[in-house]
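Some notes on the structure that comes next.
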Amino acid sequence: MANTNSKIRTRFAPSPTGFVHIGNFRTALFSHLWAKHNGGTSVLRIEDTDQNRKVEGAIEYLLRVMKQMDIEFDEGFYLKTDGKIGERGNFGPYLQSQRLNLYQQYADQLLKQGQAYYCFCSEQRLEDLRKEQTALKKPPMYDRHCKNLSADEIKKQLDEFKASGKNPVIRFFIPEGQTVVHDLIYGDITYENKILDDQVIIKSDGFPTYHLAVVVDDHLMQISHVIRGEEWIPSTPKHLLIYKALGWEPTQFAHLPLILNPDKSKLSKRQGDVATEDYLKKGYLPEVLINFVAMLGWNPKTEQEIFSFDDLVKQFDLAKVNKSGAVFDINKLDWISGQYIKKMPVDELTERLLPYWEQDSIKAKDFDKKYLSAIADLEKERLKKLSEIGERTRYFFEAPEYGAELLIWKKSDKEKTRQALLDLVELFTQADESKFSKEEIETIVKKMIADKGYDNGSVLWPLRVALTGQQFSPGPFDVCATLALGLGKEEVIKRLNTAVIKLG
């Protein structure tokens, strides 16, 4: 009953645990890219056999995050226009808890073939066995206590379990010999079967464990490539043995390297955010995250670092995935994000910034679109993520708060600063508002500096602070012209007068 399907079919099969880990998103992305690169099909299946970890609403949440990331699977679960969950494809159901009869069917087949057996051991016996093996410095493994029970003993135990409303577990019998994992990234890995445990494949609650369910589902759904994290490598020989026992041709395997913190420890919540949605909330564009995550372990073998989704589909190749761990470098993420923002058309950037202004209690929608676009254009070279826009630009919407001492340039003093500000007030009052462009402002201010013998810092520094309340901002001429565009020349003069008053 070998799988003769030649078309590339990949699957992303997360557990419904409530958030989308960056590592899980990378698995989803790589699976999707490999399918798209080969003109194949990407499938979304949900593995909910561990009912203790199931979180209500997690599937909807996962689909919303994937929709935000512009990842849409060809088959399996999807989000309908009304926000409800839909299923599509010919291999459903795509939720494991709705496929229990299939897992039981194949577990029964393995029982009949003598390649699986009932285990009636209590939790206490198993715990005592683990403690004994650990004390003897042996790897904790099941001792096959129930493997050679007679047919009569098995029937007696089954009747007793049934009478008490319980079920025994079913274990897969690991045969002697060796198993070779042919991995598309790590190459061939050979395991001695004697180090593999007789894994439980059906639990006492009637649900399968991952090991049986994943093999049955991948075979029946005609999955050609299983792409998953390297932590699953030790489980793969067990899966291969189940494939063999059921007479099925296995899928091809590609295990992805770990994602690491900068200190080379495994990426974890203790050292920062690990959920994809955390980065979306911080204002990283979906296309930025896709670009960044694609390069966590994948090396295009060129100097190119900025990729559109179409670029990734064309160039993605499992042969270019590294074996070594991929470091999650937030500075690299910021750099990629900055590149995207710089290249974005200003009108599109303005639209994308609106919710982040709102998030910081700035009613940007109340202001003219032309003004907002001018602000976005001024900040686009400096932004690393969209969520920075609020605190960077609040002064464009409301008068800034700052201490008088900030107004004084390091080579100046209080009285000189006050006089420079008064001269600016007079200059701007006389200026023609219809010609109040950056170039015009720069021309008249520099002429004033030359005529009155000021140095640049003594005038431009307090001008910047009076308008923005910040030490670091776009240039004072840009700020001045933009403020005048949105709030009028009078707002500029008003802020300069406020600065004069602060200086007494």
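The listed residues are Pro139, Pro168, and the only one of them that is of a type outside the set (Lys, Arg), modelled with pLDDT under 95 and assigned by TED's automatic domain parsing to the domain that holds Gln199 turns out to be Pro139. When the residues of region 350-378 are filtered to those that are assigned to a helix (DSSP H, G or I) and among the aromatic types (Phe, Trp, Tyr), the one that is farthest from Lys489 (Cα to Cα) is Tyr356.
Looking at Gln105, Gln51, just one residue is of a type outside the set (Phe, Trp, Tyr), assigned by TED's automatic domain parsing to the domain that holds Pro208 and either farther than 21 Å from Phe316 by Cβ or modelled with pLDDT of 95 or more (or both), and that residue is Gln105. I'd like to know if region 172-183 contains one or more residues that are surrounded by fewer than 12 Cβ atoms within 10 Å (Cβ to Cβ), out of contact with any helix residue (DSSP H, G or I) (no Cβ under 7 Å at 6 or more places or on another chain), assigned to a strand (DSSP E or B) and assigned by TED's automatic domain parsing to the domain that holds Gln115. Yes. Among residues of region 39-68 being among the aliphatic types (A, V, I, L, M) and in contact with a Phe, Trp or Tyr (Cβ under 7 Å, 6 or more places away or on another chain), the one that is nearest to Ile22 (Cα to Cα) is Leu63.
Only one of the listed residues (Gln133, Gln124) is on the phi < 0 side of the Ramachandran plot, part of a helix (DSSP H, G or I), polar (S, T, N, Q) and surrounded by 12 or more Cβ atoms within 10 Å (Cβ to Cβ). That residue is Gln133.
Note on region 453-468: residues that are free of Cβ contacts under 8 Å to residues at least 24 places away in the same chain, surrounded by fewer than 19 Cβ atoms within 10 Å (Cβ to Cβ) and assigned to a helix (DSSP H, G or I) amount to 1. The set of residues from region 103-121 being free of Cβ contacts under 8 Å to residues at least 60 places away in the same chain, part of a loop (DSSP other than H, G, I, E, B) and under 30 Å from Met221 (Cβ atoms) comprises just one member, Gly114.
In this structure, is Asp478 touching a residue at least 24 places away in the same chain (Cβ under 8 Å) and either of a type outside the set (A, V, I, L, M) or within 22 Å of Phe367 (Cβ to Cβ) (or both)? Spelling it out, Asp478 is indeed touching a residue at least 24 places away in the same chain (Cβ under 8 Å) and either of a type outside the set (A, V, I, L, M) or within 22 Å of Phe367 (Cβ to Cβ) (or both). Only one of the numbered conditions (1) surrounded by 19 or more Cβ atoms within 10 Å (Cβ to Cβ); (2) part of a loop (DSSP other than H, G, I, E, B) is violated by Gln471, and that is (1). Could you grab the pairs with beta carbons closer than 6 Å, sequence gap of 6+ or different chains, first residue in region 355-381 and in contact (Cβ under 8 Å) with a residue 24 or more places away in the chain, second one outside any helix (DSSP H, G or I)? Cβ pairs passing all conditions: Tyr356/Gly283; Ile362/Phe397; Leu378/Pro474. Among residues of region 220-240 that are touching a residue at least 60 places away in the same chain (Cβ under 8 Å) and over 13 Å from Arg11 (Cα atoms), those with a beta-carbon under 9 Å from a residue that is polar (S, T, N, Q) and assigned to a strand (DSSP E or B) at least six positions away or on a different chain give the pairs Lys238/Thr179; Leu240/Thr179.
The values are calculated or read from the model by the stated rules, or taken from the named source; none is laboratory data. Model, not experiment: these values are computed from the prediction. Cβ coordinates were reconstructed from backbone atoms using ideal geometry, including for glycine residues, and neighbour counts include every protein chain displayed.
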